[in-house]
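**Student:** Here it is, the structure in full.
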2 protein chains.
Amino acid sequence: MVQNISDKPRGRPRAYDRPTALKSMREPFWEKGFSGTSLDDLSAATAMNRPSLYNAFGDKSAAFMEVLEDYIAETRALYVAAFTADVPLREGLRRVYDTAIQIYASEDGKGRGCFMISAALIDSLRDREIAEVVLKALHELDRAFRRRLKIAQQKGELSPNADIDALATVAITLNNTLSVRMRAGEDMATVRKFIDQTIGVICG
Amino acid sequence: MVQNISDKPRGRPRAYDRPTALKSMREPFWEKGFSGTSLDDLSAATAMNRPSLYNAFGDKSAAFMEVLEDYIAETRALYVAAFTADVPLREGLRRVYDTAIQIYASEDGKGRGCFMISAALIDSLRDREIAEVVLKALHELDRAFRRRLKIAQQKGELSPNADIDALATVAITLNNTLSVRMRAGEDMATVRKFIDQTIGVICG
DNA sequence: TATATTTTGTACCATTTTGCATAAAACTCT
DNA sequence: AGAGTTTTATGCAAAATGGTACAAAATATA
């Protein structure tokens, strides 16, 4: 018997929206990391009380993993849009890095970096699953950069002799560095200069 | 009146060596971060009891700052040695990255990344002083890369037309990325490939 | 309206954590 | 040897934290 999604469930209706709560938990985790975030922080961020949190997401560790995976899924879509835009390579790369910058900056303008790199990796030694999920997502981005440069080469935007994988590595390392620098509070002029310089090296 | 360093102090002698204790505290902080490390962890790592820790380093926050600054001072010396070696650029860059890899790998072979990037930056939003210290140290490394490439250009190892600052940025972003990837458990073959590829792009 | 069901809100418990108080220990100086 | 000084060791108090029990609230169904 399949549960009809439109059936209203039996008991008291939930006061929270699960996807919204996930995004709300992202904030304290992003700012303070797993260990630095208390259940009270999560409770305050989501406006849910503790038992509801447990019922919805399990313990703190499970909640963090789900927030991490939700972040990856959400940002993947943003990156894909930038990577698949049918524009010249220079403009394409710029869109990818603009996407990164937008993700890595919090709404108040303060940089906080990539959630994976800035907030999740600290626990990669304690929790192997975190390391695996993050590494897999990083590799997915790596492949996207390589694909993008290969397409550019096929279109004649890059020399047929160019070492595409090596240039992709240059593009990849910038992306990881953007996270590090924005979390460290690097001024945006420097960040943009890094981007311009790297695109210059890649596109010649 | 200047205190004679050879004078034995008056009371019960310390059972710990301050610099050694600093390095011991580095381990749990590196692995678990500031929030994830308890005073019991520090006590166990240093074999000092709590009151001695307080007397020697102040509270946990002050201890972390001192560990961070000690790490920066120690690794600075290692990097300087690599940067100032009188060898061809390719070899010089390789030595710098070999230094980084050695620092970023723990003794049991598991990668843990740069202490600043992997362990300190998570608290950069909470503690502005951490952000400032880390950013300053990153900039110092940035300048070292630029200087090294400038020297190579003067020696004719790089084209007079080459955009040295742009190439330095490529070198810099690899270094930051090495930390990220090693913390994420990237396999060393991939890490070394990143290095080879980046050196290839810089040195042509 | 009564009952079953699910969520919410309050309160609570056990553990961990930070920080400190106090006395014993180990040393120097007189 | 005795007094003075500094560190160590034990232990404790207050607060924070993770997790849960339980009754009240809100809904669908009979």
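The values are calculated or read from the model by the stated rules, or taken from the named source; none is laboratory data. Values in this document were obtained by computation on a predicted structure and should not be read as measured data. Glycine also receives a Cβ, built like all others from the backbone with ideal geometry; neighbour counts cover every protein chain displayed. Protein only, heavy atoms only, side chains kept; ligands, DNA and RNA dropped before computing areas. Shrake-Rupley method; radii C 1.70, N 1.55, O 1.52, S 1.80 Å.
**Student:** Can you pull out every residue in segment B:56-75 that is surrounded by 19 or more Cβ atoms within 10 Å (Cβ to Cβ), within 13 Å of DNA strand C (Cβ to nearest atom) and of a type in the set (A, V, I, L, M)?
**Tutor:** Matches in segment B:56-75: B:ALA63 only.
**Student:** Is it the case that A:ILE130 is open to solvent by less than 10 Å² (accessible area, probe 1.4 Å) and either more than 21 Å from A:MET25 (Cα to Cα) or in a helix (DSSP H, G or I) (or both)? Explain how you work it out, then say what you get.
**Tutor:** Details: open to solvent by less than 10 Å² (accessible area, probe 1.4 Å): yes; either more than 21 Å from A:MET25 (Cα to Cα) or in a helix (DSSP H, G or I) (or both): yes.
Considered against the rule, which asks whether it is open to solvent by less than 10 Å² (accessible area, probe 1.4 Å) and either more than 21 Å from A:MET25 (Cα to Cα) or in a helix (DSSP H, G or I) (or both), A:ILE130 comes out as yes.
**Student:** Next question. Would you say A:SER179 is among the polar types (S, T, N, Q), at pLDDT 95 or above and in contact with a Phe, Trp or Tyr (Cβ under 7 Å, 6 or more places away or on another chain)?
**Tutor:** yes
**Student:** Could we say that B:LEU158 is in contact (Cβ under 8 Å) with a residue 60 or more places away in the chain, more than 9 Å from chain A (Cβ to nearest Cβ), closer than 26 Å to A:ASP163 by Cα and assigned to a helix (DSSP H, G or I) here?
**Tutor:** No, not satisfied.
**Student:** Select from segment A:21-55 the residues that are open to solvent by less than 10 Å² (accessible area, probe 1.4 Å), within 14 Å of another protein chain (Cβ to nearest Cβ) and more than 7 Å from DNA strand D (Cβ to nearest atom) and write down the one among them that is nearest to A:ILE122 (Cα to Cα).
**Tutor:** Per the criteria, the residue is A:GLY33.
**Student:** So A:TYR97 passes all but one of these: (1) under 15 Å from the mean Cα position of the chain (by Cα); (2) over 29 Å from B:PRO28 (Cα atoms); (3) surrounded by fewer than 21 Cβ atoms within 10 Å (Cβ to Cβ). Which condition number does it fail?
**Tutor:** Looking at each condition in turn, A:TYR97 falls short on (3).
To keep it simple, each residue is scored yes or no on (1) open to solvent by 10 Å² or more (accessible area, probe 1.4 Å); (2) in contact with a Leu (Cβ under 6 Å, 6 or more places away or on another chain); (3) outside any helix (DSSP H, G or I).
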| position | (1), (2), (3) |
| --- | --- |
| A:GLN153 | yes, no, no |
| A:ALA162 | yes, no, yes |
| A:VAL180 | no, no, no |
| A:ILE202 | no, yes, no |
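**Student:** May I pose another question? Being more than 15 Å from DNA strand C (Cβ to nearest atom) and part of a helix (DSSP H, G or I) is the requirement here; does B:LEU53 meet it?
**Tutor:** Against the criterion (more than 15 Å from DNA strand C (Cβ to nearest atom) and part of a helix (DSSP H, G or I)), B:LEU53 does not qualify.
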